[in-house]
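Okay, so here's the structure we're looking at.
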Amino acid sequence: MRTRARHAAPRGSISSAVPLRKLAPATALIAALILAAIAGVGGTFAYLNASTTVPGSTIQAGTLSLRINGSATASLGPWALAPNAGQAIAFNVTSGNDAHSTITAAVTVSSTQLIKDYANLRIVEVANAGACNTSLTGGVFGALTAFPATTLTHLTAGETQWLCAVMTLQNSVPIARAGESISFAVTLAATQAAS
């Protein structure tokens, strides 16, 4: 029977003290690096939380004015309406001074006569006064007595935009309403917008 002999290392040739002597400088170096890293993080943390006062900062409000046909108020004149025969009237809105604006419209009806319940209004952006007609679509549309208070247009500082107001009577208006009149006002408001 054959047996294999194992080769044994001579005793005393490997000492456990030798690796510890070699690890001591490496351990000291790692400890020094960790301390430097902690000190660096602390310094960076304080740096990122620093604050200062900036002198001389100012905030300035822009100025805003709104003109309708060049004036603060404008009369659009009389309207001649009949079922299937509306009327269109052009007007322009100018955002004066140096602020951008959002233009909204609100309608107030002061008539007590019942014809008002059969009137519709549409306000549409147009390229010029000649483009205003009763066949326009789009824009803001609603019953005169419940006209939606919504944005009509946006203007840059000093810009002028033509708008067209188209008023119609519903086909269902009773003959008993013939000869009645409607009194209403359209109020345009400008709200300063971001530039």
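The values are calculated or read from the model by the stated rules, or taken from the named source; none is laboratory data. Source: prediction; values computed, not measured. So basically every Cβ, Gly included, is an ideal-geometry build from the backbone, and we count neighbours across all protein chains shown.
Assorted remarks:
- Within the option set Leu76, Leu33, being surrounded by 13 or more Cβ atoms within 10 Å (Cβ to Cβ) and at pLDDT 65 or above holds for one residue only, Leu76.
- Of all residues in the stretch 170-192, those that are in a loop (DSSP other than H, G, I, E, B) have Cβ atoms under 6 Å from Cβ atoms of residues that are hydrophobic (A, V, I, L, M, F, W, C) and surrounded by 10 or more Cβ atoms within 10 Å (Cβ to Cβ), 6 or more apart or on another chain, in Glu180/Ile115; Ile182/Ile115; Ile182/Ala119.
- Selection over the stretch 157-183 of residues that are over 12 Å from Val107 (Cβ atoms) and loosely packed, with under 12 Cβ neighbours inside 10 Å gives a count of 8.
- Filtered residues of the stretch 68-121 (kept if among the hydroxyl-bearing types (Ser, Thr, Tyr) and touching a strand residue (DSSP E or B) at 6+ places or on another chain (Cβ under 8 Å)): Thr94, Ser95, Ser101, Thr102, Thr104, Thr108, Ser110, Ser111, Tyr118
- Every pair of residues 6+ apart whose Cβ atoms lie under 9 Å, when the first sits in the stretch 115-130 and is among the hydroxyl-bearing types (Ser, Thr, Tyr) while the second is in a helix (DSSP H, G or I) and crowded, with 21+ Cβ neighbours inside 10 Å: Tyr118/Leu144
- Check on Ala165, in a strand (DSSP E or B) and either hydrophobic (A, V, I, L, M, F, W, C) or under 23 Å from Ala82 (Cβ atoms) (or both): yes
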